[in-house]
Amino acid sequence: MISKKLYSMQIKTGQDFAQNLKQVEDFIAQCGKNAIICAPEIVLSGFVYQHMNEASEFSRFATERLLECSAKYKNTLVITMIEQKNKKFFNNLKVFHKGEVIHKQSKSKLFSLGDEHLHFTAGKKDEISIFEIDGLKCAALICFELRFVELWEQIKGADLIFVSAQWGKARKNQFEILCTALAVANQAFVLASNSANDIMAKGSAIITPYGVVYKNDKKHFVACEVDISETSRIRKYINTNIKINNV
């Protein structure tokens, strides 16, 4: 049995960047040692198109704080933030693990209904790749990327898939169906974190490779201790040619 403590945040993002960061830091402290935590998309700022420079500057400060926090509590945080490079803005997902950033990818599929393409530069598709957390094969998708099945293929073999989202309430059912389908198709655990803002869908969940869903829209987080070796068992039992990892 390979036991992991998974936490999906389901919180609101306000206008005060510092208060948003404090929410995340307090939650990291609450989860404790060896927790694996996923936060909603751009939880530190929201999509502040009129304040992109301020948001990117704050991300530099937040990065240092989250490095300290993950080192102090010896746990893992998956979070996205607005960052600037070569005068272009990116929606960057970072994995903070025990005082280091061990993986980074930029959102490659921008949501045109939300005008993301007018304010962000798309990342490279090949950045969406499998990375390791203490030997555990992981991968991540950022919100709209969840709709692209070719990206599911790209990360097959991961035992744990993070989905960080700001998914609208009008398409709540689609978010929940896609997250569950991803878990079943890739025979992996899915740790999905969505915003709790008023126009957002919530639906944050921890989903097993069998499609069992743990969620609670009335709470600000979802938590579950899981046996990661379940991925190996189902891949042996129902063989769809997904790599079986030594977990």
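The values are calculated or read from the model by the stated rules, or taken from the named source; none is laboratory data. Here the structure is a predicted model, which means the values were calculated and not measured. Cβ atoms come from the backbone with ideal geometry, glycine included; neighbour counts cover every protein chain shown. Note: accessible area is taken over every heavy atom of the protein model, side chains too, but ligands, DNA and RNA are not part of it. Shrake-Rupley method; radii C 1.70, N 1.55, O 1.52, S 1.80 Å.
In segment 115-150, which residue that is in a helix (DSSP H, G or I) and either of a type in the set (Asp, Glu) or buried (at least 19 other Cβ atoms within 10 Å of the Cβ) (or both) is nearest to the chain's Cα centre (by Cα)?
Per the stated criteria, the residue is Cys143.
Find all pairs meeting these conditions: Cβ atoms under 7 angstrom apart; at least six residues apart or on different chains; first residue within segment 162-184 and more than 27 Å from His103 (Cα to Cα); second residue of a type outside the set (A, V, I, L, M, F, W, C) and not in a helix (DSSP H, G or I).
From segment 162-184, the pairs are Lys172/Gly203.
To keep it simple, each residue is scored yes or no on (1) farther than 16 Å from Gln166 by Cβ; (2) touching a residue at least 40 places away in the same chain (Cβ under 8 Å).
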| residue | (1), (2) |
| --- | --- |
| Lys4 | yes, yes |
| Met9 | no, yes |
| Gly14 | no, no |
| Glu25 | yes, yes |
| Ile36 | yes, yes |
| Ala39 | no, yes |
| Leu44 | no, no |
| Val48 | no, no |
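State which residue is farthest from Glu116 (Cα to Cα) when the search covers only segment 151-161 and only residues that are open to solvent by 10 Å² or more (accessible area, probe 1.4 Å) and in contact (Cβ under 8 Å) with a residue 12 or more places away in the chain.
Lys156
Take the residues in segment 47-100 that are more than 28 Å from Asn34 (Cβ to Cβ) and basic (Lys, Arg); name whichever of them is surrounded by the fewest Cβ atoms within 10 Å (Cβ to Cβ).
So the residue we want is Lys87.
Kindly provide the set of residues from segment 120-158 that are among the charged types (D, E, K, R) and either closer than 24 Å to Gln174 by Cα or in contact with a Phe, Trp or Tyr (Cβ under 9 Å, 6 or more places away or on another chain) (or both), ordered by number.
Lys125, Lys137, Glu145, Arg147, Glu150, Glu153, Lys156, listed by residue number.
Note down all Cβ pairs under 9 Å where the first residue falls in segment 187-199 and is in contact (Cβ under 8 Å) with a residue 60 or more places away in the chain and farther than 14 Å from Pro40 by Cα, the second is assigned to a strand (DSSP E or B) and among the aliphatic types (A, V, I, L, M), and they're at least six residues apart or on different chains.
Phe189/Leu6; Phe189/Leu160; Phe189/Ile161; Phe189/Ile206; Phe189/Ile207; Phe189/Val226
Filtering segment 21-46 down to residues that are assigned to a loop (DSSP other than H, G, I, E, B) and surrounded by fewer than 16 Cβ atoms within 10 Å (Cβ to Cβ), which residue is modelled with the lowest pLDDT?
Top of the filtered list is Gly32.
Can you name the residue in segment 201-218 that is closer than 10 Å to Cys179 by Cα, assigned to a loop (DSSP other than H, G, I, E, B) and in contact with a helix residue (DSSP H, G or I) (Cβ under 9 Å, 6 or more places away or on another chain) and is also least open to solvent (accessible area, probe 1.4 Å) among such residues?
Gly203
I need a count of the residues in segment 50-63 that are without any contact (Cβ under 8 Å) to a residue 40 or more places away in the chain and over 25 Å from Lys98 (Cα atoms).
Counting residues in segment 50-63 that are without any contact (Cβ under 8 Å) to a residue 40 or more places away in the chain and over 25 Å from Lys98 (Cα atoms) gives 4.
Would a scan of segment 104-112 turn up a residue that is surrounded by 15 or more Cβ atoms within 10 Å (Cβ to Cβ), charged (D, E, K, R) and over 27 Å from Leu67 (Cβ atoms)?
Yes: one or more hits.
Give Gln105, Gln84 a once-over and let me know the one that is modelled with pLDDT of 95 or more, over 21 Å from Ser193 (Cα atoms) and either more than 15 Å from the chain's Cα centre (by Cα) or not hydrophobic (A, V, I, L, M, F, W, C) (or both).
The unique qualifying residue is Gln84.
Name the single residue, out of those in segment 1-60 being acidic (Asp, Glu) and within 19 Å of the chain's Cα centre (by Cα), that is nearest to Gly168 (Cα to Cα).
Among residues in segment 1-60 that are acidic (Asp, Glu) and within 19 Å of the chain's Cα centre (by Cα), the one nearest to Gly168 (Cα to Cα) is Glu41.
Report whether or not Gly168 is at positive phi and not charged (D, E, K, R).
In short, no.
Would you say Gly168 is small (Gly, Ala, Ser) and in contact with a helix residue (DSSP H, G or I) (Cβ under 9 Å, 6 or more places away or on another chain)?
Criteria met by Gly168.
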